[in-house]
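The values are calculated or read from the model by the stated rules, or taken from the named source; none is laboratory data. Nothing here was measured: the structure is a model prediction, and the numbers come from that model. We place every Cβ from the backbone using ideal geometry, glycine too, and count neighbours over all the protein chains shown. What goes into the accessible areas is simple: the full protein's heavy atoms, side chains included, and nothing from ligands, DNA or RNA. Shrake-Rupley method; radii C 1.70, N 1.55, O 1.52, S 1.80 Å.
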Amino acid sequence: MFDFIIRGARLGDGKLADIAVQEGRIAALGQFPGNALREYPLNGRYLVSAGWIDCHVHCYPPSPVYHDEPDKVGVEQGVTTIIDAGSTGADNIGDFYQLTRTVRTCVYALLNIARCGIARQDELSALSLIDNTAVRRAIQDYPAFIVGLKARMSSSVVGDNGITPLLIARQMQQENPGLPLMVHLGNAPPGLDEITRQLRQGDIITHCFNGKPNQILTPDGGLKTSVSHALQRGVLLDVGHGSASFVFEVARTAIGRGILPDTISSDIYCQNRRQGPVRSLARVMSAFLHLGMTLSQVLDRVTCHPALALNLQGKGRLAPGADADLTIFDLSRDRQQFTDAEGNILDGEYLLRPLAAITGGHWCITDEGKKNHVFSV
């Protein structure tokens with residue numbers, strides 16, 4: 001007997017399927033008879049996907065710069081897995097790990113190459129804070145929690161050090177094989193060409209659609225040569241919307257030229273969650289439905305793509321044997337205005353509304369789901 005069955009789930013491709021869950025994993029998918037302790041009939045009314053993954057958030061509550069509560073940006077927004085992108089370094093990763101043991105959202109971390117994490121805006125301006133030995137020890141202590149490294153390569157972060165922190169990050173990566181490196185793309189120096197030259201297959205450029213001079217597009221809308229070469233080497237593009245790093249026109253132009261992001265992420269923390277422009281991963285995803293991407297393309301970039309990029313075993317797949325991480329949501333016709341990091345407005349007709357997040361078989365009904373009395377669990 002299954003723990004529960006969701007009957008008549010509408011998948012991203014429009015097909016209907018039953019989803020059976022047992023002992024925290026997807027046990028069966030398709031059309032099948034069977035008994036369960038509980039059944040939830042959706043009757044094709046709501047969409048279900050593998051649990052949404054936001055691969056760029058800031059959710060270490062003690063952080064003095066960017067912080068939030070993991071569940072506030074996780075299951076309460078329909079997101080089952082979140083990856084904190086460098087809020088903590090070797091000095092405080094242990095505290096962060098212990099904190100995440102008490103939340104409902106599945107949390108992983110990209111370890112900041114600065115041992116203090118983002119305890120200050122310019123954490124890479126002092127090379128003494130970049131400690132190879134401390135990084136190696138942290139990775140050894142928390143191998144299942146740390147899924148990559150993070151380096152914020154922006155002039156306000158590196159100070160007078162230019163490209164040097166990234167060169168050290170590359171050395172760290174070579175000493176700890178298998179971990180991708182996520183690089184924050186901000187204002188120069190260092191310049192885009194210098195940064196991309198150091199990146200290899202599986203590394204990630206976040207804030208890929210920012211509107212700053214250090215952006216990926218040329219003035220006439222073409223892809224800069226150094227970025228083209230990086231993508232050919234297998235470097236990945238992540239959105240990382242945030243408060244200052246996403247511009248609709250850059251995204252629209254790139255997508256129109258066939259340059260789609262590999263992952264869609266929010267760069268959310270308490271301020272841009274409450275005051276905008278981010279609000280939620282669902283709103284970021286919704287904006288991309290109006291920028292030239294299909295629902296299937298958008299869903300892939302918050303499920304299977306980030307799971308593959310960060311080697312998240314059992315995540316991102318709607319298949320028997322995968323973790324029972326599911327997001328139940330609606331795509332409603334609802335006139336909306338989306339705002340980018342420069343205050344530009346995008347008029348939209350559709351909005352993704354997460355109703356419930358299921359992590360390892362455990363349910364969390366979102367505020368939207370509660371308001372509409374969608375489920376009783």
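For segment 8-47, a residue qualifies if it is in a strand (DSSP E or B), open to solvent by 10 Å² or more (accessible area, probe 1.4 Å) and either over 21 Å from LEU352 (Cα atoms) or among the hydroxyl-bearing types (Ser, Thr, Tyr) (or both), and the qualifying residues are ASP18, GLN22, ARG25, ALA27, ALA28, LEU29, GLY30, ALA36, LEU37, ARG38, GLU39, TYR40.
Which of the residues that make up segment 199-210 are buried (at least 20 other Cβ atoms within 10 Å of the Cβ) and of a type outside the set (A, V, I, L, M)? Correct list: ASP203, THR206, HIS207, CYS208, PHE209, ASN210. Contact map, segment 295-307: first residue farther than 17 Å from PRO180 by Cα, second residue part of a helix (DSSP H, G or I) and open to solvent by 10 Å² or more (accessible area, probe 1.4 Å), Cβ cut-off under 8 Å, separation 6 or more or different chains; pairs are LEU295/LEU289; VAL298/LEU289. Scanning segment 222-237 for residues that are in a helix (DSSP H, G or I) and over 20 Å from VAL302 (Cα atoms) yields THR225, SER226, VAL227, SER228, HIS229, ALA230, GLN232. Residues in segment 79-120 that are farther than 19 Å from LEU149 by Cβ and either in contact with a helix residue (DSSP H, G or I) (Cβ under 6 Å, 6 or more places away or on another chain) or free of Cβ contacts under 8 Å to residues at least 24 places away in the same chain (or both): VAL79, GLN98, ARG101, THR102, VAL103, ARG104, THR105. Here is the figure for segment 234-270: residues that are of a type in the set (S, T, N, Q), open to solvent by 20 Å² or more (accessible area, probe 1.4 Å) and touching a residue at least 60 places away in the same chain (Cβ under 8 Å) total 1. Scanning segment 355-377 for residues that are hydroxyl-bearing (Ser, Thr, Tyr), part of a loop (DSSP other than H, G, I, E, B) and either open to solvent by 10 Å² or more (accessible area, probe 1.4 Å) or at pLDDT below 95 (or both) yields a single hit, SER376.
With respect to LEU308, is the statement that it is aliphatic (A, V, I, L, M), at pLDDT 95 or above and in contact with a strand residue (DSSP E or B) (Cβ under 8 Å, 6 or more places away or on another chain) true? No: the conditions fail for LEU308. Listed by first and then second residue, the pairs linking a residue in segment 3-25 that is over 24 Å from CYS106 (Cβ atoms) to a residue that is open to solvent by 70 Å² or more (accessible area, probe 1.4 Å) and in a loop (DSSP other than H, G, I, E, B), with Cβ atoms under 6 Å apart and 6 or more places separating them unless they lie on different chains, are GLY8/ASN43.
For every residue, the table says whether it meets (1) open to solvent by 20 Å² or more (accessible area, probe 1.4 Å); (2) over 27 Å from VAL65 (Cα atoms); (3) in a loop (DSSP other than H, G, I, E, B).
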position	(1), (2), (3)
ARG279	yes, no, yes
ALA282	no, no, no
PHE288	no, yes, no
MET293	no, yes, yes
VAL302	no, no, yes
LEU312	no, yes, yes
ALA319	yes, yes, yes
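Beta carbons closer than 6 Å, at least 6 apart along the sequence or on distinct chains, pair a first residue in segment 159-173 that is under 14 Å from ASP193 (Cα atoms) with a second that is in a helix (DSSP H, G or I) and open to solvent by 30 Å² or more (accessible area, probe 1.4 Å) for ILE163/GLU194.
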